[in-house]
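Participant: To start, I am sharing the structure in question, which I have written as structure tokens.
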Amino acid sequence: MKANLPLTGIRVIDFGQQIAGPAVAMILADLGATVIHIDPLTGPRWKSPANAILNRNKSTVNIDLKSDRGLAQALTLINHADIVLESFRPGVLKRLGIDFEQLRQERPELITISMPGFASNDQLRSQWKATEAIIAASSGAFTDMGFNRVLMGVDPSFSPLSLGSAYGTALAASSVVVALVAREKLGVGDHIEVPIATALMEGLSYNSIVIEGFPKRYLTMREHEISHRKENNIPMDVSYEDLQEYLDPFFRTYECKDGRFFYAVCPSHRNHARRCLQVLGLYEELLAEGLPEVDNLHLPINEWEGETSIGVYPLPKKWADIISAKMKRVFLTKTSEEWGVIFGEGQIPGAPHRTTEEWVNSEHCAQAGLIVEVDDPEYGIMKQPGPMVWLEESAEQMLKPRARVTVDFELALAELADAEHSEATPGPTGTVTAQENREAWLAGIKILDLTNVIAGPHAAAFLTRFGAEVIKLDPVTPLYDPLIGTLYSFQANIGKKSALVDITTDQGQTIFHQLIQSVDLVLINAPERQLEPLGLDEASLQAINPGVLFCRLDCLGGPNRGPKTDYIGYDDIIQAISGIMSRFGGPQTPEEHAHIGTLDVNCGFVGGLGMALSLYHKMRTGQHSRACTSLSAATNLAQIKFAYDYPGRAPFNEASGREALGNHDLSHFYLTKDGHLFIDAIEQELIKLERVPGLAGISEVDDKKSFLSEALAKASADHWADALREQDIAAVRSVGIAELRERYTRPADGKIGIHLGSYAFSSYHDHPSGYPVTIVDHCSIRPSRAQIIAQPPTERFGHSTTEIMASLGYTNEQIATLLNDNVIGTGWGKEYLPS
């Protein structure tokens, strides 16, 4: 039964193939929508057990869209739908006779969504065969893999994670639900384009940001070593073992008693680092050896009373070496699992390194509902990722998904007819029709953002592009050092108004309650155990503002409670425990998947989906709700190609380690005359490869890797990419983010750079921080009707405190008193970004 699920009655036609399109429809189906998936007569184009996940809760119809009968059937199904989704190259579906623009003219309430690999207006790339790896190679995802790979001289790097699809899925699913919110108000739908390449670039936003004149206090030991080697013409050839000594002691891997590894991630937060040293029995010892403490880390470094402090990232090499040596000895005294419990119960971010197979089969994932069991018709009892997002009130219904089924056209049509459906409300009357209304989807919605670091702040920032108004509330005294507390906010807090309030005081509590009363939704990232002390449990929150919505993100949470539900953590914790690091670096040399915020940013996008879902549910039912997601749910989406198990499953042996340069010989990086080329073909395309000049004979040799290595070295990467694409073989020259940024950056102009194609960056020479900053445009979601708003850059913490207090009715005199008493604040230090 799905009667209480938030999307019950919504009908979806899913033409998606590969991962992203079907995954969007899967999320909608998990949330109660009736989804009819359309496959060719030969079945899905991508042959993988993951299709059992992507098509659960759906009914599949096999239709030949190239036949008159098949086209007529498809159009009949569409005529009974609220949402139609496709993921082909631009123009393909229209050429087959399904014209989204025409369909929406006939039925203005229809929402259509296209998810091409590259933007439809990307004149260079729109018609490329855009596989997951091709999009990644085109977007810098395989070249900009972090300081570790730079020091080890590994370039390019390959990762089998489907990050582009994961980001695209979260962004597209969110946009659909936000469009449903707008449809409830206006009575009309929209057409939305979400290019996967643009989504990937937005997800990799922390890899592409440039801050000119960056203060040296924030440079890590790895960055100093990279500069030293470049300046002195020293090769980048650091071994994995030597690399560990360039890592901060609170942000690195340690070997344990059982020979397995543990990842500690507690820099930048004084309490976390202190707790870590205390449970290791090292805190007092280090104080006795002179470890300094600095009270205010947000002062310029030349005003500190000591050379460093607990809670500073990065630590200077002297203290990093001392602390690391001690921590290495202590970690060897217990097993990785024992340390996992000690850190988790002690509220210290850290986790044992595990494989994806162990993650999928873990007790916590089973109990928490992060992994669910589905009785699939082909694979039997299959462990699959659980819901990506849920409302607490109906989460239990999502834990027993219906297995995928194949039906004929008549049954599919009957299923759509049986689905409950709320007719779209009529649009407003007046001289401007609803179809001409360019209002942003969430205009007038107000959110109180209580989050920190990356995932939570990104959730609220994500919704500002749709017109939501966000107040970012932080403490008067910061919890994090400026690197994580301030630098990360350059992207995570765009478009928000910032206020600083000490809610631990009586007066601060009053202000806090007034802010809650002024908004539609409250957002936080915290484990469930922290809610009641903050007054954010269901009863307390509704007593303050009846009907207010609530959304929560955390690290290890799921629809149910599990043994690790209350453990705290960051992106890196989930990377370690879910197998991402063991795959990327190799099981014995685990390594952080180097894109900063790999999971964080996408968890933020899914959090945005949760908030939109709550808004839509309230508009339809009048009922408030509490939406949830977690970094654990985000990792399952990123690993959807691997995160499953069933009796007889093939080994978990996907490409892993630093030596991996592809999935197999035909999907691989090759060195050409002037750089690397990624070719992404399959065995069935050998006949096409034979037609490429210079590759004749490839189908006759057993060692295709050697054949391609020798042949491709004879010409440039662009030459081969063009020749391969002539035969519709997916191929591209490996591109770095710096090249894309140089080509697609313009001075910030208060607009979204959709016109530039798949990639766009804005340069803020007058950034409020005082430093010139270049960041990626948030242009992944491209509606035809509604406006997407270009947000102003992140303001200084506390910049809007007095304005917000005045909006609550406080006088200038009262505000001055509250400032004097440190109940409120207008900044965390003398400078926006301390020098």
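Participant: Straight-line reach only, C-alpha to C-alpha below 14 angstrom: list the aspartates and glutamates that Lys318 could link to, leaving out same-chain residues fewer than 8 apart.
Facilitator: Those aspartates and glutamates meeting the cut-off are Glu245, Asp248, Glu289, Glu307.
Participant: Sort segment 216-359 into rounded, prolate or oblate with this rule: let a ≥ b ≥ c be the square roots of the eigenvalues of the Cα gyration tensor; rounded if a/c is under 1.5, and if a/c is not under 1.5, prolate when a/b is larger than b/c, oblate otherwise.
Facilitator: Since a/c reaches 1.5 but b/c is at least a/b, the shape of segment 216-359 is classed as oblate.
Participant: Sort largest first and round to whole Å: the equivalent ellipsoid semi-axes of the chain, each the square root of five times a Cα gyration tensor eigenvalue.
Facilitator: Whole-Å semi-axes of the equivalent ellipsoid: 40, 35, 26.
Participant: Please give me the summed charge of the neighbours of Pro792: other residues whose Cβ is under 15 Å from its Cβ, Lys and Arg +1, Asp and Glu -1.
Facilitator: After counting each charged neighbour, the total is 0.
Participant: Let me know the shape class of segment 223-274, please: from the alpha-carbon gyration tensor, a ≥ b ≥ c as square roots of the eigenvalues, rounded when a/c is under 1.5, otherwise prolate if a/b is greater than b/c, or oblate.
Facilitator: oblate
Participant: Oh, and also: With the Cα gyration tensor of segment 177-228 giving a ≥ b ≥ c as the square roots of its eigenvalues, does the rule (a/c under 1.5 for rounded; else a/b larger than b/c for prolate; else oblate) give rounded, prolate or oblate? Intermediate results must be reported in sequence, preceding the final value.
Facilitator: Values: a/c = 5.34, a/b = 3.40, b/c = 1.57.
Here segment 177-228 falls in the prolate category.
Participant: Within segment 300-414, what whole-number % of the accessible surface is contributed by carbon and sulfur, with the 1.4 Å probe and all protein chains included in the calculation?
Facilitator: Carbon and sulfur together cover 55 percent of it.
Participant: Do any GluC sites (Glu not before Pro) in segment 331-386 lie in a loop, going by DSSP, with at most 12 other beta-carbon atoms within 10 Å of their beta carbon, and if so which?
Facilitator: In loop regions of segment 331-386 (DSSP not H, G, I, E or B), the sparsely surrounded GluC sites (Glu not before Pro) are Glu378.
Participant: For Asp242 and Leu75, calculate 0.36 nm times their separation in residues minus their Cα-Cα distance, and state this gained length in nm to one decimal.
Facilitator: Between Asp242 and Leu75, full extension yields an extra 54.0 nm.
Participant: Lys751: which lysines have alpha carbons under 27 Å from its alpha carbon, excluding same-chain residues fewer than 8 sequence positions away?
Facilitator: Cα-Cα hits under 27 Å: Lys185, Lys446, Lys472, Lys496, Lys497.
Participant: For segment 24-79, which whole percent of the accessible surface, found with a 1.4 angstrom probe, sits on carbon and sulfur atoms?
Facilitator: Working: 940 of 1860 Å².
Ligands and nucleic acids excluded, carbon and sulfur reach 51 percent.
Participant: Heavy-atom accessible area per residue, the chain, 1.4 Å probe: how many Å²?
Facilitator: With all protein chains present, the chain gives 37 Å² per residue.
Participant: Arrange the residues Lys688, Lys326, Lys334 by how much accessible surface each exposes, largest first, with a 1.4 angstrom probe. Please list the in-between numbers first.
Facilitator: On the way: Lys688 50, Lys326 20, Lys334 75 Å².
Ranked list, largest accessible area first: Lys334, Lys688, Lys326.
Participant: What does the charge count around Lys58 come to, taking other residues whose C-beta lies under 11 Å from its C-beta (Lys +1, Arg +1, Asp -1, Glu -1)?
Facilitator: -1
Participant: While we're looking at this one, here's another question. Calculate for the chain the 222 nm mean residue ellipticity that helices alone would give, adding -39,500 (n - 2.57) per DSSP H run of length 4 or more and normalising by residue count, nearest 500 deg cm²/dmol.
Facilitator: -9500 deg cm²/dmol
Participant: May I ask you to give the percent of accessible area on segment 584-692 that is carbon plus sulfur, with a probe radius of 1.4 Å?
Facilitator: Values: 1890 of 3570 Å².
Within segment 584-692, the accessible surface is 53 percent carbon and sulfur.
Participant: What is the sum of charges around Ile36, taking Lys and Arg as +1, Asp and Glu as -1, for the other residues whose C-beta is under 11 Å from the C-beta of Ile36?
Facilitator: Combined, the nearby Lys, Arg, Asp and Glu give -1.
Participant: With a point put 7 Å past each Cα toward its Cβ, work out how far Asp702 is from Ile381 in nm, to one decimal.
Facilitator: 4.2 nm
Participant: Grab the beta carbon distance between Thr811 and Lys446, set R0 = 25 Å, and tell me the FRET efficiency rounded to 0.05.
Facilitator: 0.65
Participant: If you restrict to DSSP beta bridges whose two residues both lie in the chain, what percentage is antiparallel, to the nearest 5?
Facilitator: On the way: 39 of 85 bridges.
That works out to approximately 45 percent antiparallel.
Participant: At 18 Å minimum axial length over the Cα atoms and a Kyte-Doolittle cut of 0.0, report the qualifying DSSP H helices in the chain, or say none.
Facilitator: 163-186, 600-621
Participant: Further, regarding this structure: Let me spell out the model: positive unit charges on the Cβ of Lys and Arg, negative unit charges on the Cβ of Asp and Glu, origin at the Cα centre of the chain. What dipole size does that give, in debye rounded to 20?
Facilitator: Values: 73 positive and 105 negative charges, 182 e Å.
Using only the charged Cβ atoms, the result is roughly 880 debye.
Participant: I need the calculated FRET efficiency for the pair Glu345 and Glu231, taking r as the beta carbon distance and R₀ as 41 Å, to the nearest 0.05.
Facilitator: 0.35
Participant: Same structure again: With no solvent and one equal point scatterer per Cα, compute the Debye intensity ratio I(q)/I(0) for segment 647-737 at 0.10, 0.11, 0.12 Å⁻¹ and report its log10, rounded to two decimals.
Facilitator: -0.26, -0.32, -0.37
The values are calculated or read from the model by the stated rules, or taken from the named source; none is laboratory data. Source: prediction; values computed, not measured. All Cβ positions, glycine included, derive from the backbone under ideal geometry; neighbour counts span all protein chains shown. Ligands, DNA and RNA are excluded from the accessible area calculation, which covers all protein heavy atoms including side chains. Shrake-Rupley method; radii C 1.70, N 1.55, O 1.52, S 1.80 Å.
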